[in-house]
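Worksheet for the structure shown next.
The values are calculated or read from the model by the stated rules, or taken from the named source; none is laboratory data. Keep in mind it's a predicted model, so treat the numbers as computed, not measured. Neighbour counts are summed over all protein chains in view; Cβ atoms, including those assigned to glycine, are modelled from backbone coordinates with ideal geometry.
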C-alpha cells in the first residue's frame, strides 16, 4: 500500500470547545487491505490506536515504530490493534503506549487474529498497562522481545480467552503494584523458551495462570517488592511445567488454588513460602525432578479441606511444612533430601513416604492430626517425633534427637532406631504398639544407673535387638 492509501484519521479530530474524548473506533491510522511496508512511524496523541488493522487482512511490517499517548478521558490506548482475523507480522521496531488514567496496550490481538513478532522493543506505562495482549481465540508467535511495563496492575504478556502463544528469547520487566510478568487466563496455552522475567512492586507476580496450561524451558525470573505476590499464582484446572531455570520470589514461590498440576525439572526455586495452596475439595500436585526448592510448605488457613501430592525425585527441599484445617498431604521422596520441621494440626492428615532419602527435622502431630512416616530403602530420618505412626524398613534409620512418641511402630529388614548420644541427658521413646524385627541403639551410664528408655504400652510383636 502506498502512503497516501493509508487513511489518516488524525485530520478528523474534533475541535469543538470542551471536547476531550474521541469515539472508541477512531484511530490515527487504519489499514484495510493487505500491506507490506518498512521504516514507518505511526503516532497517536489522543486517538484510540496509532495503527489499526481491519477487514481480515495481513500486515507485514519491518522496522515499524508506533506510539500512542493519552493522559485523560476515555481509554484505553493501543499502539497496534488488530481484530476480526487479521494477521500481523512485525520484525524490528519499537511500540510505545502510555495512559495515566486508562489502560495502555502496546500490541493487542483480538477476535481470532494472529501475530508473528520478532526483534521488537515494547514499552507501556499507566494503570493496567500491557505489553502484548492476545485475546479471544487469537494466537502469537514471538521471538526476541524486550518488554517493559509500569503502573498498577501492569502486565508484560497476557493471553486470554481461548488464545495460545509461543514465546522465545524474551525479556519482560514490570514495575508497580500487582504487576504481572505473564498472565494466562481462560482455556489458554503458552509455550515459552529462554525467557527472563523481573517484577518489582507490592504484590507483584511473575506469572498468573487461570484454567490454562503453560510450558517453560529455561526460565529465569525474579519477583521483588514489599508484600510481594508469588512467582507462580495458579488457579482452577491449570498445568505448569518448567524445565531448567532459576526462580526467586521474596514472598511466595507458588500459590495454587484449584486442581493444579505443577512439574519442575532441573529448577532452582527460592520463595519465602515454597507453596501456599488451598481450595475446598481440590487437589494440587507438585512434582520436582532434579530440582532445588527453598521455602515453607503451607496451606491457606481460610480454606477447609483440600489435597496436596508433593513428589520429590532426586531433589532437595529446604523449608518447614505446616498443615492445618483438615487438609490431606502426601509427600513422596525418592533419592531426595528434606530439611525442615513438619507439623500437622487441625484434623489434617500427612503421609511421608521416603525411599533412599534423607529427612532432617522434627515431625509433630497436634489437634487430632494424623501423621504417618514410612522410611524405606536406606532412608534416614534425624529428629524428634510426637506422636506419629512410623515404619523403618530395608536398612533405614531413625536418629532420635529428643524424647519422642510413636503410636504404631514397625521395624523390618535391617531397620534401626538410634538414640543419639547427648552428654546432658538421656532420651525416652514411648511406643503404643510395636511389631517386626529391628534394632535399638541406646545409651547407658551404668555407674549412675541412668540410660535411654524404651516403653511399650500396647501390643508388642516380633523380635528386636537392643
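Some notes on this structure:
- Residue in segment 299-312 that is buried (at least 23 other Cβ atoms within 10 Å of the Cβ), farther than 23 Å from residue 367 by Cβ and modelled with pLDDT of 90 or more present: yes
- Only residues that are more than 13 Å from residue 308 (Cα to Cα) and modelled with pLDDT of 90 or more were counted across segment 255-278, and they come to 8.
- In this structure, residue 171 does satisfy being assigned to a strand (DSSP E or B), surrounded by fewer than 24 Cβ atoms within 10 Å (Cβ to Cβ) and in contact with a strand residue (DSSP E or B) (Cβ under 6 Å, 6 or more places away or on another chain).
- Beta carbons closer than 6 Å, at least 6 apart along the sequence or on distinct chains, pair a first residue in segment 126-142 that is over 16 Å from residue 96 (Cβ atoms) with a second that is crowded, with 24+ Cβ neighbours inside 10 Å and at pLDDT below 95 for 127/151.
- Some residue of segment 397-409 being out of contact with any helix residue (DSSP H, G or I) (no Cβ under 8 Å at 6 or more places or on another chain) and at positive phi: no
- Note on segment 367-382: among residues that are touching a strand residue (DSSP E or B) at 6+ places or on another chain (Cβ under 7 Å) and more than 16 Å from residue 397 (Cβ to Cβ), the one that is surrounded by the most Cβ atoms within 10 Å (Cβ to Cβ) is 371.
- Filtering segment 313-331 to residues that are surrounded by 20 or more Cβ atoms within 10 Å (Cβ to Cβ) and within 19 Å of residue 375 (Cα to Cα) leaves 315, 317, 321, 329, 331.
- Strands (runs of 3 or more DSSP E) contained entirely in segment 186-242, each with at least 3 residues that are closer than 15 Å to residue 171 by Cα and more than 14 Å from the chain's Cα centre (by Cα): 189-200
- Of all residues in segment 27-60, those that are part of a strand (DSSP E or B) and touching a helix residue (DSSP H, G or I) at 6+ places or on another chain (Cβ under 6 Å) total 0.
- Restricting segment 279-288 to residues that are crowded, with 19+ Cβ neighbours inside 10 Å and in a strand (DSSP E or B) leaves a set whose member that is modelled with the highest pLDDT is 288.
- All conditions but one from (1) surrounded by fewer than 18 Cβ atoms within 10 Å (Cβ to Cβ); (2) modelled with pLDDT of 95 or more apply to residue 291; the one that does not is (1).
- You will find that of 117, 89, 145, 109, the residue that is under 25 Å from residue 39 (Cα atoms), touching a strand residue (DSSP E or B) at 6+ places or on another chain (Cβ under 9 Å), at pLDDT 95 or above and surrounded by fewer than 18 Cβ atoms within 10 Å (Cβ to Cβ) is 89 and no other.
- Qualifying residue in segment 212-226 (condition: buried (at least 24 other Cβ atoms within 10 Å of the Cβ), more than 22 Å from residue 290 (Cα to Cα) and modelled with pLDDT of 95 or more): yes
- The residues of segment 92-106 that are within 18 Å of residue 45 (Cβ to Cβ) and either at pLDDT 90 or above or buried (at least 22 other Cβ atoms within 10 Å of the Cβ) (or both), listed by number, are 94, 95, 96, 97, 99, 103, 104, 105, 106.
- For segment 38-57, the set of residues classified as surrounded by fewer than 16 Cβ atoms within 10 Å (Cβ to Cβ) and more than 13 Å from residue 94 (Cβ to Cβ) consists of 38, 45, 55, 56, listed by residue number.
- Residue 95 vs. criteria within 30 Å of the chain's Cα centre (by Cα), under 24 Å from residue 39 (Cβ atoms) and in a strand (DSSP E or B): yes
- Residues satisfying the stated conditions in segment 243-264, i.e. assigned to a strand (DSSP E or B) and on the phi > 0 side of the Ramachandran plot: 244, 245
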